[in-house]
1. Any idea what the dipole of the stretch 99-255 comes to, in debye rounded to 20, about its Cα centre with Lys/Arg Cβ at +1 and Asp/Glu Cβ at -1?
2. Going by amide H atoms built from the backbone, whose H comes under 5 Å of the H on H96, apart from near neighbours?
3. Among Q226, H198, A237, which residue has its Cα furthest toward the positive end of the charge dipole of the stretch 196-237, with +1 on Lys/Arg Cβ and -1 on Asp/Glu Cβ?
4. As I understand it, the dipole of the chain uses +1 on the Cβ of Lys and Arg and -1 on the Cβ of Asp and Glu, about the Cα centre. Which of V160, G64, A108 lies farthest toward its positive end?
5. Can you compute 3J(HN,Hα) from phi for each residue in the stretch 66-81, using the Karplus curve 6.51 cos²θ - 1.76 cosθ + 1.60 with θ = phi - 60°, rounded to whole Hz and x for Gly and Pro?
6. Would you please report the Å³ per residue occupied by the convex hull of the alpha carbon atoms in the stretch 48-171?
7. Reachable lysines from K216, Cα under 28 Å, same-chain residues fewer than 8 places away excluded?
8. Scattering from the C-alpha atoms of the stretch 1-108 alone, worked out with Debye: what is log10 I(q)/I(0) at q = 0.18, 0.22 1/Å?
Amino acid sequence: MARVPLMAGNWKMHKTRAEARAFADALSADAKSARGVEVVVCPPFTALGVLAEALEGTVVKVGGQDCDSHDQGAYTGQTSPAMLREAGATHVILGHSERRQYYGETDASVNEKLKASLKHGLVPIVCVGEKLEEREVQLTDNVIIVQVQRALSGIPAEQVGGLVFAYEPVWAIGTGKTCASDEANRVCGLIRETIARHVGPGPADDVRILYGGSVKPETIAEQMAQPQIDGALVGGASLEAESFAKLVAFDQVTA
Ligand code: 13P
């Protein structure tokens, strides 16, 4: 089955509500009506509502950058999947390396959040990736396999096809060092094989697998030409409406 490409922006801790509105105004009409590609922007929680409103009637969806695994309760500082939905989110990034590195996110908590997101109808974008020191000692494949297996633990096969994974090598995030496209393709293929071992090849073929890490308009065409790469999870280059629109139009970009 042909997988619909997915271009997702992760704004991290950037942009106020006013700046989010300005981004939505500045985003080109082409990006707002793009066909054949799914487009998602993940702003900080505070800007979710205004961004969802400002993009209403366009093809651009909005997502959260994390969520809690509980429905509600005494969890100071947390945001539930239902709250994200109510604010207009359709997607949620889970297990980003910055959350793993700075906020104690583990494979087990990612798995809990994944289950909670699915329960509330959010599409999870599950991030996996190795650190530089792991790559240097040939541990990349082990790290990826373990992260994917643990994320999928207890997820019913029929729900797996709708998931999105993102391969984000930690050393490529915000560094300007992109992973070579053929290597990114290889690791995305490994993610798909690992999913297939869990649920069989059918659902694994439906899963979208994104590449993330210093993605720019100049590199996107080559990345998207790789058979295992179905899209991109973009940090820095998603902050400017113009460069994000170029990424959305990846099939018109010449590298
Ligand atoms: P950059 O595109 O800024 O390297 O960030 C990647 C990322 O972490 C997306 O989630």
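Coordinate-derived values only; no laboratory data. Since the model is a prediction, treat every value here as computed from it, not as a measurement. For neighbour counting, all protein chains shown are included, and Cβ atoms are generated from backbone atoms with ideal geometry for every residue, glycine included.
1. Working: 15 positive and 21 negative charges, 89 e Å.
Dipole of the stretch 99-255, to the nearest 20 debye: 420 debye.
2. For H96, the qualifying residues are C127.
3. Of the candidates, H198 comes out farthest on the positive side.
4. Result: G64.
5. 5, 7, 8, 8, 8, 6, 5, x, 7, 10, 3, x, 9, 10, 7, x
6. Values: hull volume 14.9 nm³, N = 124.
So the per-residue Cα hull volume is 121 Å³.
7. K12, K15, K32, K61, K131, K177, K246
8. -0.92, -1.23
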